[in-house]
Amino acid sequence: MNKEKQTPQTLDPFQAWSHRWGRLGTTIALIYMIALPFIVLGYYGCIPSFGEVINLATISILLIYIPVGISEAVSYTPILGSSSYLTFITGNIMNLKLPCAINAMKLAKKEPNTPEGDAIASVAVAVSSIMTVIILALAALFSTWISPVFELPAVKTASNYIIPALFGSLTLGLFSSTNSGNKVVKNGLMGVVPVLIIVSVLSILVRVTSGGSLFGMIGFLILFMLPVALISSRIMWKKGIIKVVDKNSSEKTTEEK
């Protein structure tokens, strides 16, 4: 039995360039962020002891942010591709960089995690970062004049709905599209139904039993629900509930109807 020789896959030149400089930039950013506090504390002679840093309050914060950080890296990287380096360095991923990258790829009609999609996402994230710096600089410059505006009751009320409105529109945009490269996923949203049911039941149980919420457990929920969504989607695909067909054949079927 002759075994076919498989040609090794190579990255697109842009993606290879992005990964090379992205790793370097991430390393420099990590060194800078870790070293700067030690330099400042060492200069003023007030470096805290290990026990003062690692305590119950610190551990409780880490229990929230470590799962969130891991879940963000796992869930966002397939969408952002090689632009993930710049995205994670500059921050504001959920409320700014991710929506910008997704919207830019949708407008350019490019698929995520492709050379073209990575290039579009990188430009979107870079422009978003530059605009953020410009807006913050202007806000700091004119803070004396604009600060009373943010104290208005109407502005305070509206600011509470910015993030839900942003993610609502982003979610509707993602759910309205069934394209995945040259394939079309039919009934793909059915794989999310078990996740919605589990999270809703847990939220009700926590609310009834303790009067609290699942807000502090978001990171853990994302980590646990990602496998649930994948497993449920695969089971439904095996059962024929979720179907993956060629885009061309799907378009022909739609035209015939």
* Right, Ile241: under 22 Å from the mean Cα position of the chain (by Cα), modelled with pLDDT of 65 or more and open to solvent by 60 Å² or more (accessible area, probe 1.4 Å) or not? -> no
* What about Ile79, is it touching a residue at least 12 places away in the same chain (Cβ under 8 Å) and open to solvent by 40 Å² or more (accessible area, probe 1.4 Å)? -> yes
* Structure fact -> Sole miss for Ser232 among (1) under 19 Å from Asn187 (Cβ atoms); (2) modelled with pLDDT under 85 is condition (2)
* For Asn103, state whether it is out of contact with any strand residue (DSSP E or B) (no Cβ under 6 Å at 6 or more places or on another chain), in contact (Cβ under 8 Å) with a residue 40 or more places away in the chain and more than 17 Å from Gly25 (Cα to Cα). => yes
* Inter-residue pairs, beta-carbon under 6 Å, first open to solvent by less than 90 Å² (accessible area, probe 1.4 Å) and in segment 111-138, second among the β-branched types (Val, Ile, Thr), 6+ apart -> Pro112/Ile79; Val125/Thr87; Ser129/Thr90
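Filter segment 206-215 for residues that are loosely packed, with under 13 Cβ neighbours inside 10 Å and at pLDDT below 75 and give the result. Walk me through how you get there before you give the answer.
So the first thing to find is which residues in segment 206-215 are loosely packed, with under 13 Cβ neighbours inside 10 Å, and the list is 207-213, 215.
Once the filter is applied, which keeps residues that are loosely packed, with under 13 Cβ neighbours inside 10 Å and at pLDDT below 75, segment 206-215 yields Gly212, Ser213, Phe215.
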* To do: Would you be able to say whether some residue in segment 28-37 is modelled with pLDDT under 85 and open to solvent by 70 Å² or more (accessible area, probe 1.4 Å)?
  => no
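The values are calculated or read from the model by the stated rules, or taken from the named source; none is laboratory data. Computed from a predicted model, the values in this text were never measured in an experiment. When we count neighbours, we look across all protein chains shown, and the Cβ atoms used for this are built from the backbone with ideal geometry, even at glycine. Just so you know, the surface numbers come from the protein's heavy atoms only, side chains and all, with ligands and any DNA or RNA stripped out. Shrake-Rupley method; radii C 1.70, N 1.55, O 1.52, S 1.80 Å.
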